Structure formats: structure tokens, C-alpha cells
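Chemist: Pasting a structure below so you can have a look.
The values are calculated or read from the model by the stated rules, or taken from the named source; none is laboratory data. All figures in this text were calculated on a predicted structure; none of them were measured in a lab. For neighbour counting, all protein chains shown are included, and Cβ atoms are generated from backbone atoms with ideal geometry for every residue, glycine included.
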Amino acid sequence: MPYLSFEKRRPWPNAILSCTLAGALALCACGDDGSPGAPSDAGIGPDAQPPQCSELTPLTIGQCIDEATAMPCLDFVAPTRSWTDIDTQPIVPPIIGLQGSPMFVLSVSGLGIEEGLNSTAPYVELEVTQGDDLVGAYSARPAVLDDPNAPGNTLAPQLYVVAFLAEGMAGQTVQVRAQVRDLNEDQWCTEGSFQVGTLVGAP
């Protein structure tokens, strides 16, 4: 299976996880309006040689919070959503998503990302790891919007990162990498870490 195009790559932990994860991603990758994200394999392949993360314009990784409940966003229609930088609020609780799988609800924001819809939307990849273990991943073209917390920035909110290994990891620290590529082939990249919170069950 080809690797995702981040700075440092590792294969999926095993074939079963990669196949299961790929199937789940196809089910859960959605735009901000709930429509399916349009997958892409542009720039991904066994011979891909991505630039170093430090050479790319930085992103900000956040998490989606429903202000009415102070819990992770569970759907696309919450009227009181906010996006909090994981450097400011570093505990990210996983949720049980619509397909019954644990997920992290993350977001990414960057300056100058070209907006788009469906096939012209920016291509977003996230990877959550702990050491050599892949905890969760996301890969799709979600809907993007203006970032209300950072004028001029473009925000990809509510990215449901399938994380089968997150259940039972409360209190442990994981690493997260994010990369965005827009229609102009401009790229943004960042790395960070957060602490896994207590699993939030489905409503």
C-alpha cells in the first residue's frame, strides 16, 4: 500500500488495519456540510518524495468543540461550534462516530489556502501516531471556510479522524501531523502532539 505524503512515513501496522481503516475513511470523510469528501491520490504513491515539513507554510491544528456542551462536535449542524488550538487545549477526547468507531474531531487552519468545493477543495491529510504505531488517519477533500478566529485564514473544520486504537488510550500522548494541498499545488504542513482524553460515547 502506498504511503501518505508526509515528511516521515511508516507503513500501516498491518494489512488488516490498513484495509479496515481505508474502508472507514471512505464512510466518514465528509465535507463541512455533511456531503462526502472527494478522495484524491494526487501526490501519493510509493515514489512520492514530499518536501520537508519545515519547508512548507505552517498550519494550525485544532479541535472542534460544541460550546453548548463543551464536548467534541458530534454532527455538522451544531450552531455553537468553535475551534481550539491543540497547543492551547492539548487534551482531545475521542468520540464514538456515526459508524461506531472512535474518532478525533480535529481541524486545520492556514493563511492563503485556496478555497474550493468537492474536486477543487484543498486536499487534507492527518495522521495520529504513537511511536511507530498508527493510531488514526484522515484523507479527503473537505469543505473549507473562512476561519472566524483568524481573519484571512482558511479553516477545514470537523475532520473526523478514524482512530480505532484511541479507545483505552486516555491520558496517553500521541503525535499528529497535518498536510494541506490546494488546487494551486501550494502546500501547508505542521506537526504537534496532544493528550488523549476520555472516550465520549455516542449520544
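Chemist: Taking VAL174, is it at pLDDT 95 or above and within 19 Å of SER101 (Cβ to Cβ)?
Modeler: Working: at pLDDT 95 or above: yes; within 19 Å of SER101 (Cβ to Cβ): yes.
The answer is yes for VAL174.
Chemist: Does the range 57-77 contain at least one residue that is modelled with pLDDT under 80 and within 18 Å of PRO148 (Cβ to Cβ)?
Modeler: Yes, the range 57-77 has at least one match.
Chemist: So for the range 129-142 (the condition being among the acidic types (Asp, Glu) and free of Cβ contacts under 8 Å to residues at least 60 places away in the same chain), does at least one residue qualify? Can you show your working first?
Modeler: First, pick out the residues of the range 129-142 that are among the acidic types (Asp, Glu): 132-133.
With free of Cβ contacts under 8 Å to residues at least 60 places away in the same chain added as a condition, the list becomes none.
Checked against the condition, which is being among the acidic types (Asp, Glu) and free of Cβ contacts under 8 Å to residues at least 60 places away in the same chain, the range 129-142 yields no hits at all.
Chemist: Same structure again: Among the residues of the range 149-167 satisfying the criterion of being touching a residue at least 24 places away in the same chain (Cβ under 8 Å) and not in a strand (DSSP E or B), which is farthest from the chain's Cα centre (by Cα)?
Modeler: Going through the range 149-167, the residues touching a residue at least 24 places away in the same chain (Cβ under 8 Å) turn out to be 149-150, 152-167.
From the residues that got through so far, the ones that are not in a strand (DSSP E or B) too are 149-150, 152, 163-167.
On the way: ASN149: 19, ALA150: 19, GLY152: 21, ALA163: 11, PHE164: 14, LEU165: 15, ALA166: 14, GLU167: 17 Å.
Result: GLY152.
Results for (1) in contact with a helix residue (DSSP H, G or I) (Cβ under 6 Å, 6 or more places away or on another chain); (2) charged (D, E, K, R); (3) within 20 Å of ILE61 (Cα to Cα), shown as yes or no for each residue.
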position: TYR160; (1), (2), (3): yes, no, yes
position: ALA163; (1), (2), (3): no, no, yes
position: ALA166; (1), (2), (3): no, no, yes
position: GLN172; (1), (2), (3): no, no, yes
position: ARG177; (1), (2), (3): no, yes, yes
position: VAL180; (1), (2), (3): no, no, yes
position: LEU183; (1), (2), (3): yes, no, no
position: TRP188; (1), (2), (3): no, no, yes
position: VAL200; (1), (2), (3): no, no, no
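Chemist: Testing VAL92 on (1) touching a helix residue (DSSP H, G or I) at 6+ places or on another chain (Cβ under 8 Å); (2) under 18 Å from ALA170 (Cα atoms), one condition comes back false. Which one is that?
Modeler: (1)
So that you can scan it fast, the table gives a plain yes or no per residue for (1) among the hydroxyl-bearing types (Ser, Thr, Tyr); (2) in contact with a strand residue (DSSP E or B) (Cβ under 9 Å, 6 or more places away or on another chain); (3) surrounded by 23 or more Cβ atoms within 10 Å (Cβ to Cβ):
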{"residue": "VAL92", "(1), (2), (3)": "no, yes, yes"}
{"residue": "LEU126", "(1), (2), (3)": "no, yes, yes"}
{"residue": "GLN130", "(1), (2), (3)": "no, yes, no"}
{"residue": "LEU165", "(1), (2), (3)": "no, yes, no"}
{"residue": "THR173", "(1), (2), (3)": "yes, yes, no"}
{"residue": "ASP182", "(1), (2), (3)": "no, yes, no"}
